[in-house]
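K.L.:
Following this message is one structure expressed as structure tokens.
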Amino acid sequence: MILAKKSVLGPGEARTRTRQRRQMIFLGVSVVIGGTIGGLTGAFDQGDGSLFSGDWDKLKLNPAIAVLVSALLVIGFIALPLRGFGQIDEFKRENNFIGFTGGCLAVLVGFPIWAVLYAGGMLPPPHAFGIWLLGFFGMFASYLIARIRA
Amino acid sequence: MKNRLKVLRAERDWSQAELAGRLDVSRQAVNAIETGKHDPSLPLAFKIARLFDMPIEDIFDDGETA
């Protein structure tokens with residue numbers, strides 16, 4: 001006799017699927033917003049500056065586009081994460097806290113290390129975008145380590 | 001902290017996703033609790049105890065009880 005595959009979801013499994021679907025939609029919205037920010041800044045960039053090299057005086061963007069991108073950044077970095085915190089459970093929230101702690105520590109220790117290495121002639125002077133990247137990648141790496149260890 | 005969550009779940013023939021949905025947490029959270037990598041908060045521990053209709057100390061063992 002061939003055993004029929006269990007096709008009816010239990011109430012818990014159905015709720016888990018709904019939770020997963022909601023998180024995928026959330027992730028999709030985040031990707032769209034991130035892509036829009038990247039697309040707008042790439043398409044309307046009028047200057048020769050670069051965030052990486054720190055030549056801020058050469059950055060140039062249409063004021064309306066700048067305001068729009070700023071609004072999208074607020075949504076992407078404040079509204080969405082806060083909304084996301086409300087959707088995740090305590091386990092994922094703990095991993096997120098570890099990630100944010102890692103990002104904070106990366107900035108706290110990264111800036112003075114960068115400064116002394118600059119003083120020692122080994123690095124260019126610290127600049128804002130570099131510090132931001134330290135925080136971002138510190139957060140990302142800490143989150144990944146927390147997820148892998150769990 | 002050791003716990004009997006995996007055994008209790010198996011006794012009811014529930015998947016991790018089924019248990020996760022009944023507890024309103026992610027499947028990853030259930031897995032982390034079962035493997036002892038995450039200790040649930042007190043509210044979640046109470047929720048688990050209520051779901052299995054058992055006292056918390058019959059599910060979780062902190063190794064301190066005589």
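K.L.:
How far apart, in nanometres, would the label points at A:THR18 and A:VAL32 be if each is projected 7 angstrom from Cα along the Cα-to-Cβ direction?
P.N.:
Modelled inter-label distance: 2.2 nm.
K.L.:
May I pose another question? Principal axes first, then extents: for the Cα atoms of chain B, list largest minus smallest coordinate on each axis, whole Å, largest first.
P.N.:
Principal extents (largest minus smallest coordinate, Cα): 34, 22, 20 Å.
K.L.:
Something else: According to a simple spin-label model (label point 7 Å from Cα along Cα-to-Cβ), what is the distance in nm between A:ILE78 and A:LEU133?
P.N.:
Modelled inter-label distance: 2.6 nm.
K.L.:
What does the charge dipole of the range B:2-55 about its Cα centre add up to, to the nearest 20 debye, if the Cβ of each Lys and Arg holds +1 and the Cβ of each Asp and Glu holds -1?
P.N.:
100 debye
K.L.:
Please compute the length gained on full extension between A:ALA66 and A:PHE44, using 0.36 nm multiplied by the number of residues separating them and subtracting their Cα-Cα distance.
P.N.:
Full extension of this stretch gives 7.0 nm more.
K.L.:
Let me ask something else. Under the 0.36 nm per residue contour assumption, what length would be gained going from the current alpha-carbon distance of A:ALA141 and A:MET122 to full extension?
P.N.:
Residue separation times 0.36 nm, minus the Cα-Cα distance, leaves 4.4 nm.
K.L.:
Convex hull over the Cα atoms of chain A, averaged projected area in nm²?
P.N.:
Taking a quarter of the hull surface, the average projection is 14.2 nm².
K.L.:
Roughly speaking, what is the centre-to-centre gap between the range B:1-18 and the range A:68-98 when only Cα atoms are used, to the nearest Å?
P.N.:
31 Å
K.L.:
Also, quick follow-up: Give the separation of the Cα centroids, the range B:32-49 to the range A:111-131, in Å.
P.N.:
Taking the Cα centre of each part, the range B:32-49 and the range A:111-131 sit 44 Å apart.
Rule-based calculations on the coordinates, nothing more; no lab input. Computed from a prediction, not measured in an experiment: that's the story for all the values here. All Cβ positions, glycine included, derive from the backbone under ideal geometry; neighbour counts span all protein chains shown.
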